Amino acid sequence: MFNDRPIEDPHLQAALNEVLAIYRRYDLAGAVMLVSEDEAAFAYPIYTTWNIVVEDETIPLGFRFRLKEAEQGTERATALALGTGHLLHQLKDFGAQTQLWMGDLLRLLKQAGMSFTHVPFGGRKLPRLGSHP
């Protein structure tokens, strides 16, 4: 799950690539957002040996969940499922914390007389995963 547009700043793209390499090297999952003066780049490097997320470039998000107890055995399948739940809950909590704290900081700046113009996601509607009403 990566940016929905090419990153224009080559330094920003290079930095994102370096951070993603660290996630892979240490078998970590998470979310990364890098912000330069004029642009932002993000990724959700969630492919690890301890969860059921596997890369699949043939589908829009570039990953799928794969868990086959018959192949992995009950104990390993359970550990992978629990690892996936842990990962997704941690990322959800981090997103909620980030939204709350950045909102608090923006309110503090507004109280100090500063204001900003910002159009979230360039005015595009956020894509959803799966079917949602």
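Computed from the coordinates by the stated procedures, all read-outs in this text should not be read as laboratory data. Fair warning: this is a prediction, and the values are worked out from it, not measured in the lab. Ideal geometry is used to build each Cβ from the backbone, glycine not excepted, and the neighbour counts take in all protein chains shown.
The calculated 222 nm mean residue ellipticity attributable to helices in the chain amounts to -15000 deg cm²/dmol, summing -39500 (n - 2.57) over DSSP H runs of n ≥ 4 and dividing by all residues. Note the angle between two axes, namely the Cα long axis of helix 74-111 and the longest principal axis of the Cα atoms of the chain, as a number of degrees from 0 to 90, rounded to the nearest 10. Value to nearest ten degrees: 0.
Stretching the chain fully between Val119 and Ala40 yields a gain of 27.1 nm (0.36 nm per residue, less the alpha carbon separation).
Can you figure out the FRET efficiency of Gln111 with His11, using R₀ = 30 Å and their beta-carbon distance, to the nearest 0.05?
My answer for the efficiency is 0.30.
Restriction of the chymotrypsin sites (Phe, Trp or Tyr not before Pro) in region 50-133 to DSSP coil positions whose beta-carbon has at most 11 other beta-carbons within 10 angstrom yields Phe116. Name the longest site-free stretch of the chain, where the excluded sites are GluC sites (Glu not before Pro) in a DSSP loop with no more than 15 other beta-carbon atoms within 10 Å. The longest uninterrupted stretch comes out as 58-133. Compared with the dominant principal axis of the Cα atoms in the chain, helix 10-25 is inclined by about 30°.
Between Gln99 and Leu126, residue separation times 0.36 nm minus the direct Cα-Cα distance comes to 8.2 nm. With a cut-off of at most 14 other beta carbons within 10 Å, and DSSP calling the residue loop, which trypsin sites (Lys or Arg not before Pro) in region 39-133 qualify? Please list them. Listed in order of number, the matching sites are Arg66, Lys68, Arg124, Lys125, Arg128. For Ile46, nonlocal amide neighbours, meaning residues 5 or more places apart or on other chains whose placed amide H falls under 5 Å from its own, are Gly30. The structure-derived value of Cα extents along the principal axes in Å appears in the list (1) 61, 33, 31; (2) 53, 44, 35; (3) 45, 28, 25 under the label (1). Reported to the nearest whole Å, the Cα centre-to-centre distance from region 78-124 to region 1-54 is 17. Taking θ as phi - 60° and the Karplus parameters 6.51, -1.76 and 1.60, the scalar couplings of region 40-45 work out to 9, 9, 9, 7, 10, x Hz in sequence order, x denoting glycine and proline.
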